[in-house]
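J.: After the structure tokens below, expect a handful of questions from me.
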Amino acid sequence: MTSGSAQPYPSSNGLEPEDAKDELRRAIRTAREARSERLRREAAEALADVVESIPEVKDARCVAVYAARPAEPGTVAIMDRLAARDVRVLLPVLGTGLQRNWAVYAGSDDLRVRAPGRPPEPGTPELPAEAVTEADVVLVPALAVDTTGMRLGQGGGWYDRVLQHTRPGARVVAVVFPEEVYDAASRPLPFEPHDLRVQAVATPAGWRELGV
């Protein structure tokens, strides 16, 4: 579940961190789009099994998740399993600019894509950004993560702000496909001073602590 020669990686030609990030994003998105629908379904079920095995998830009363877009590791199975255990599931609701609020998951039938390119959102009443402090575990989307916990996001900066609101002791877990975990000793992800690290990563193949 770490770096391999097939992983896209920016050439060492003096790229600025943001340019290196953009290059990686394009390559990883292209690889994700090539994954078949069958493989995506299988990965989503396997990912749900993995997430349920994380000790903090087993004990959680509230988990912040996200409704995955089609090419991302699927999260509906995770959300349904948590809700079936009466875990409070929070999903992001995107406001104007970089504002990110929350709403309670009320089932996949309640999810709606409210604007092109945005992830599905629930129709339940909107909660403030600080609602994420209720979460015992925060599952965050990523395009890649390295073994120090550095996360490559989509580029909007939303989750850098979200992570500032998580309460002390909450477990933050990035969700990616297995080939998107990079060994920081040989292929560290590009980063900027504002980037925040995550504590663990979950993939359909398993999960692991990061930065230890």
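A short reminder: the numbers here are calculations on the coordinates, not readings from a lab. These numbers were taken from a predicted model, which means no experiment stands behind them. No Cβ is skipped: glycine too gets one built from the backbone with ideal geometry, and neighbour counts run over all protein chains shown.
J.: In whole Hz, with x marking every Gly and Pro, tabulate ³J(HN,Hα) for the stretch 16-23 from phi via Karplus 6.51 cos²θ - 1.76 cosθ + 1.60, θ = phi - 60°.
T.: Using θ = phi - 60°, the values come out as 5, x, 5, 5, 5, 4, 4, 4 Hz.
J.: Explain nothing, just compute: Karplus ³J(HN,Hα) = 6.51 cos²θ - 1.76 cosθ + 1.60, θ = phi - 60°, for every residue of the stretch 157-171 in order, whole Hz, x for Gly and Pro.
T.: After applying 6.51 cos²θ - 1.76 cosθ + 1.60, I find x, 5, 6, 4, 6, 4, 5, 6, 9, 5, 7, x, x, 5, 8 Hz.
J.: Computed FRET efficiency, Cβ-Cβ of Glu56 and Arg81, R0 22 Å: what is it to the nearest 0.05?
T.: Numbers: r = 15 Å, r/R0 = 0.68.
Computed FRET efficiency for Glu56 and Arg81: 0.90.
J.: What residue among Gly153, Pro55, Pro188 has its Cα farthest toward the positive end of the dipole of the stretch 17-209, where the charges are +1 on Lys, Arg and -1 on Asp, Glu, each on the Cβ?
T.: Of the candidates, Gly153 comes out farthest on the positive side.
J.: So how far, in whole Å, is the C-alpha centre of the stretch 194-212 from the one of the stretch 40-85?
T.: 15
J.: Tally Lys and Arg at +1 and Asp and Glu at -1 over the other residues with C-beta under 10 Å from the C-beta of Ala170: what net charge comes out?
T.: Numbers: positive: Arg167, Arg171; negative: Glu56, Glu134, Asp136.
Summing Lys and Arg as +1 and Asp and Glu as -1 gives -1.
J.: Which of the trypsin sites (Lys or Arg not before Pro) across the stretch 24-97 are loop residues per DSSP, with 15 or fewer other Cβ within 10 Å? Working shown, then result.
T.: Numbers: sites: Arg25, Arg26, Arg29, Arg32, Arg35, Arg38, Arg40, Arg41, Lys58, Arg61, Arg81, Arg85, Arg88; in loops: Arg35, Arg61, Arg85.
Here the sparse-neighbourhood loop sites are Arg35, Arg61, Arg85.
J.: Ok, one more. Fully extended, how many nm does the chain gain between Gln154 and Asp109 (0.36 nm per residue separation, minus their Cα-Cα distance)? Don't skip to the end; give the middle numbers.
T.: Working: separation 45, 0.36 × 45 = 16.20 nm, distance 2.56 nm.
Full-extension gain reported as 13.6 nm.
J.: Of all DSSP beta bridges in the stretch 17-209, what percent run antiparallel (nearest 5)? Kindly include the intermediate steps, with their values, before the conclusion.
T.: Values: 13 of 28 bridges.
So the antiparallel bridges amount to about 45 percent of the total.
J.: Put a dot 7 Å past each Cα toward the Cβ at Ala185 and Glu37; how far apart are the dots in nm?
T.: It works out to 4.2 nm between the two label points.
J.: If you wrap a convex hull around the alpha carbons of the stretch 150-212, what volume per residue comes out, as a whole number of Å³? Mind dumping the intermediate values first?
T.: Numbers: hull volume 6.5 nm³, N = 63.
Dividing the Cα hull volume of the stretch 150-212 by its residue count gives 104 Å³.
J.: Let me check I've understood the local charge: for Asn101, count other residues with C-beta under 12 angstrom from its C-beta, Lys and Arg +1, Asp and Glu -1. What total comes out? Intermediate results must be reported in sequence, preceding the final value.
T.: On the way: positive: Arg100, Arg161; negative: Glu121, Glu126, Glu130.
With Lys, Arg at +1 and Asp, Glu at -1, the neighbours total -1.
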